[in-house]
Amino acid sequence: MSLYLGLDSSTQSLSAVVIDLWTREVLLDYTINFNERLPEFGCEDGVLPNDDPQVAHSDPLLWLAALDLMCKELPEKGIDLSQILAVAGSGQQHGSVYLKANASDVLRSLSPRSTLPRQLKKALSRPTSPIWMDSSTRPQCDEIEAALGGAAAVAELTGSACFERFTGPQIRKFAQTEKRRYANTATIHLVSSFMASVLAGKHAPIDHGDGAGMNLMDITRRRWSAAMLKATAPGLRAKLPRLARSDAIVGRISPYFVEKYGFSPKCRVVAWSGDNPNSLIGVGLIEPGKVCISLGTSDTYFGFMPEPHVSAEGEGHVFGSPTGDYMSLICFLNGSLTREEIRDAYGLSWDGFSKALRRSKPGNGGKVMLPYVFPEIVPNVLEPKVYRYWLRENDVKGNVRAVVEAQMASMAIHSRWMGVKTRTIYATGGASANREILQIMADVHNADVYQFEVGNSAALGAALRAVHADMKASDCEWSWPEVVRGFTDPIRESRVRPDKAAVRVYREFLKLYKACEDHALRGGPDPAKARERLLKKLA
Ligand code: ADP
Ligand code: XUL
């Protein structure tokens, strides 16, 4: 047996995937849902309640409680933790954790007789963590961009224009509004590097994959950008961990996990990365040509990229790929939670939701929704609002189809900058279990869509990264195709093919959707003409 563990600390849950390298088997794919298992932290879907819809913080102690629970339950699921050779992980991107100077001591001397939340609480200089759903830092983004000579200059330098949820603008807001706490902060971690630090019992580096989501790292040189640091907050350089390759070994696992849960003291902790860079590996995107759409809390559209090629429209991102290359990504905040909102508004189950999709037709009779239930990242919408065009609110089937068609159309339109003409899409994330949603994806994008055995591509990707880094550290480096072989093949039988007639309808529908978006967000002309053209096609 050669076991590797991949963890995924995501918005709504902590997942673990355990693989056996020699038999190429996934031994366990297990999730602890925060709402169900840890309601005492007061988060709803992983977010602390706040009166301001633009503010989204979480409780970092919740993530730690989930880690304790996971380590306790893995053996109950049949996993012998003493056999795990290395562990790597995945964190929701952009979120940040603020620690006092005593954190190094606290991390080094964790007592197995107490819990992680209880012990780390005294090391937090800020009790809550802003996460990727936060959109409250537009003023800070504007200030930083102005200091650097505009959004395009920031995008060229860091791989993305300033985005509200990115760590740099979040740190700037904290430094401006909570000066004392900022001064009291010795180290600022990402969710990924924070969790890795806890596992290793010492401050872990930030990897190039997740570091690219901060608006602080020079994307081509892969080091902190002095200009970005200066424009962001005073004294920031000293508060950031070092940057490292995604295959860096942080160290051996901390005695806390050895004594309390039975890990081997030899188990290596590999640098953690963001959930999207991990998913890239988890679906085997180690060369260009295919794209992945992840339907998780957010919907993301991403692909492998050999060279950093930045979005001219300022809507996408370039992150580091764990292979040492790059990846392109667009994040749509209104993903699963928005589909859930519509589902719940009509009192449906997922079965009922799917039934409504089956009973309605492509193009939805020219009914359109712009479902910004939450502030949207792409296109940028700060005030949440659901727009309906020719769509009555009491039309159950119409609304269900409209939300999915809108999400798929928005992805197709806003991903054009990537210039990828793909005939194959890999679908992952919780909602990829829904075949009716995948059919609309296939039809709108005119591509075959495949599912995967392991739903959690981020945790699987982390386990595979653990393999790669552990081999390398043992002086036996494996190529990436060798590492992922047998783990990342899509399920052949899961293929969803585009329907020719539907593809034709959606070609026209995309124009209508774009016209509605222009009308709602940019004061464009009435979209009625575009609708007439679609109706003609439907007739
Ligand atoms: P994350 O990792 O971002 O926390 P997941 O990838 O685990 O999220 O996806 C969780 C989401 O999957 C839930 O919010 C839920 O809305 C969605 N989901 C689960 N099953 C279905 C289904 N059958 N149809 C549509 N969505 C689903
Ligand atoms: C990506 C993004 C989200 C988070 C949470 O830029 O903000 O996908 O990583 O999943």
- prompt: Is it the case that some residue within the stretch 6-22 is in a helix (DSSP H, G or I), within 16 Å of ligand 2 (Cβ to nearest atom), of a type outside the set (A, V, I, L, M, F, W, C) and touching a residue at least 24 places away in the same chain (Cβ under 8 Å)?
  reply: no
task: Determine whether the stretch 105-126 contains at least one residue that is buried (at least 17 other Cβ atoms within 10 Å of the Cβ), under 28 Å from LEU333 (Cα atoms) and within 16 Å of ligand 2 (Cβ to nearest atom).
output: no
task: Return the residue satisfying two criteria in turn: it lies in the stretch 323-382 and is β-branched (Val, Ile, Thr) and more than 16 Å from ligand 2 (Cβ to nearest atom), and of such residues it is nearest to PHE166 (Cα to Cα).
output: VAL373
field: Members of the stretch 418-454 found to be within 16 Å of ligand 1 (Cβ to nearest atom), among the acidic types (Asp, Glu) and modelled with pLDDT of 95 or more, listed by number
entry: GLU436
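Yes/no per residue for (1) more than 30 Å from LYS122 (Cβ to Cβ); (2) assigned to a loop (DSSP other than H, G, I, E, B); (3) not aromatic (Phe, Trp, Tyr):
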position	(1), (2), (3)
ALA152	yes, no, yes
ARG165	no, yes, yes
GLN170	no, no, yes
ALA204	no, yes, yes
GLY209	yes, no, yes
ALA231	yes, no, yes
ASP247	yes, yes, yes
- prompt: Got a sec? Which of SER415, SER410 is at pLDDT below 95, within 22 Å of the chain's Cα centre (by Cα) and among the polar types (S, T, N, Q)?
  reply: SER415
- request: Select from the stretch 200-226 the residues that are over 18 Å from ILE171 (Cβ atoms), among the small types (Gly, Ala, Ser) and away from ligand 2 (no atom under 16 Å from the Cβ) and list them in ascending order.
  value: ALA200, GLY201, ALA204
task: Report the residue count in the stretch 118-138 for those that are out of contact with any Lys or Arg (no Cβ under 6 Å at 6 or more places or on another chain), assigned to a helix (DSSP H, G or I) and in contact (Cβ under 8 Å) with a residue 12 or more places away in the chain.
output: 5
message: Restricting to the stretch 253-304, give me the number of residues that are within 13 Å of ligand 2 (Cβ to nearest atom), in contact with an Asp or Glu (Cβ under 9 Å, 6 or more places away or on another chain) and at pLDDT below 95.
response: 2
Residues that are assigned to a loop (DSSP other than H, G, I, E, B) and either buried (at least 21 other Cβ atoms within 10 Å of the Cβ) or of a type in the set (Gly, Ala, Ser) (or both), drawn from the stretch 455-482: GLY455, ASN456, SER474, SER479
query: Say we look at the stretch 240-256 and pick out the residues that are within 25 Å of the chain's Cα centre (by Cα) and of a type in the set (Val, Ile, Thr); which of these is farthest from ligand 1 (Cβ to nearest atom)?
result: ILE249
Residue check for ARG165: of a type outside the set (A, V, I, L, M, F, W, C), within 22 Å of PHE374 (Cβ to Cβ) and in contact (Cβ under 8 Å) with a residue 12 or more places away in the chain: yes
Helices (runs of 4 or more DSSP H) (entirely within the stretch 257-376) containing at least 1 residues that are within 12 Å of ligand 1 (Cβ to nearest atom) and farther than 30 Å from HIS203 by Cα: 336-345, 350-358
task: Scan the stretch 227-277 residue by residue and report those that are of a type in the set (Val, Ile, Thr) and without any contact (Cβ under 8 Å) to a residue 60 or more places away in the chain.
output: VAL250, VAL258
- line: Within the stretch 7-27, residues within 16 Å of ligand 1 (Cβ to nearest atom) and either over 18 Å from the mean Cα position of the chain (by Cα) or closer than 30 Å to PRO169 by Cβ (or both) come out as LEU7, ASP8, SER9, SER10, THR11, GLN12, SER13, LEU14, SER15
- request: Of all residues in the stretch 28-37, count the ones that are more than 16 Å from ligand 2 (Cβ to nearest atom) and touching a Leu at 6+ places or on another chain (Cβ under 7 Å).
  value: 2
task: Search the stretch 23-44 for residues being aromatic (Phe, Trp, Tyr) and without any contact (Cβ under 8 Å) to a residue 40 or more places away in the chain, and hand back the single one that is nearest to SER58 (Cα to Cα).
output: PHE41
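The values are calculated or read from the model by the stated rules, or taken from the named source; none is laboratory data. In this text the structure is predicted, and so the values were computed from the model without any measurement. All Cβ positions, glycine included, derive from the backbone under ideal geometry; neighbour counts span all protein chains shown.
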